[in-house]
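The values are calculated or read from the model by the stated rules, or taken from the named source; none is laboratory data. Owing to the predicted nature of the structure, the values given are computational and were not obtained by experimental measurement. Cβ placement follows ideal geometry from the backbone for every residue including glycine, while neighbour counts extend to all protein chains displayed.
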Amino acid sequence: MATPGLLPGEQIEDTQPDVIVLDLASERAADWLGAAVTSRPPPAILALADQPRSVRGAEWIREGGRAILPRHASTHEIVAAIEAIAAGLIVVHPDAGTLDESRGRRAPGASQSLTAREVEVLGMMAEGLGNKEIAARLGISVHTVKFHIASIFAKLGVESRTEAVTVGVRRGLVLI
């Protein structure tokens, strides 16, 4: 709840929230967003929008947002989204579309973007599949799977499969 007389940045600093629910139709939405992304640590941001499809999902995630829901979302959906983003996940309501546009583009903080095949391999890693299972599912050699995994590690700046999946989930490359 906003405190009268305090600027958004002061309120965030005073309360240090884990999550901020932001009504994008609010006349101060831009102030709150700017204050949230510059605070340390930045809180996760859940956006409520009249037309969630108008919010560009991949761009919203790059700007620090973690969830997009329609303003008419149920209390249950909002609470579930808050819990999910507080745990580091990304939430996109079906009315908001998908984050597919982020594939093939530069992921936030990554030095290079993942290819479509690398995103596919990362998704299978998230499912817990081993290299042989990934190779069989894709119809490629185990050596090629290892090559893709090494490339994923390098591009995401990680050193393990678990870390790669975690970073992939946080960046919206993998939806679980």
* Asked: Within the stretch 128-146, is even one residue at pLDDT below 85, surrounded by fewer than 17 Cβ atoms within 10 Å (Cβ to Cβ) and hydrophobic (A, V, I, L, M, F, W, C)?
  -> no
* Does at least one position in the stretch 93-102 carry a residue that is under 15 Å from ALA44 (Cβ atoms) and at pLDDT 65 or above? -> no
* Asked: Say we look at the stretch 129-176 and pick out the residues that are acidic (Asp, Glu) and outside any loop (DSSP other than H, G, I, E, B); which of these is farthest from VAL92 (Cα to Cα)?
  -> GLU133
* Is at least one residue of the stretch 113-126 modelled with pLDDT of 65 or more, assigned to a strand (DSSP E or B) and of a type outside the set (Phe, Trp, Tyr)? -> no
* Structure fact -> In the stretch 52-80, anything at pLDDT below 85 and assigned to a helix (DSSP H, G or I) is listed as PRO52, ARG53, SER54, GLY57, ALA58, GLU59, TRP60, ILE61, ARG62
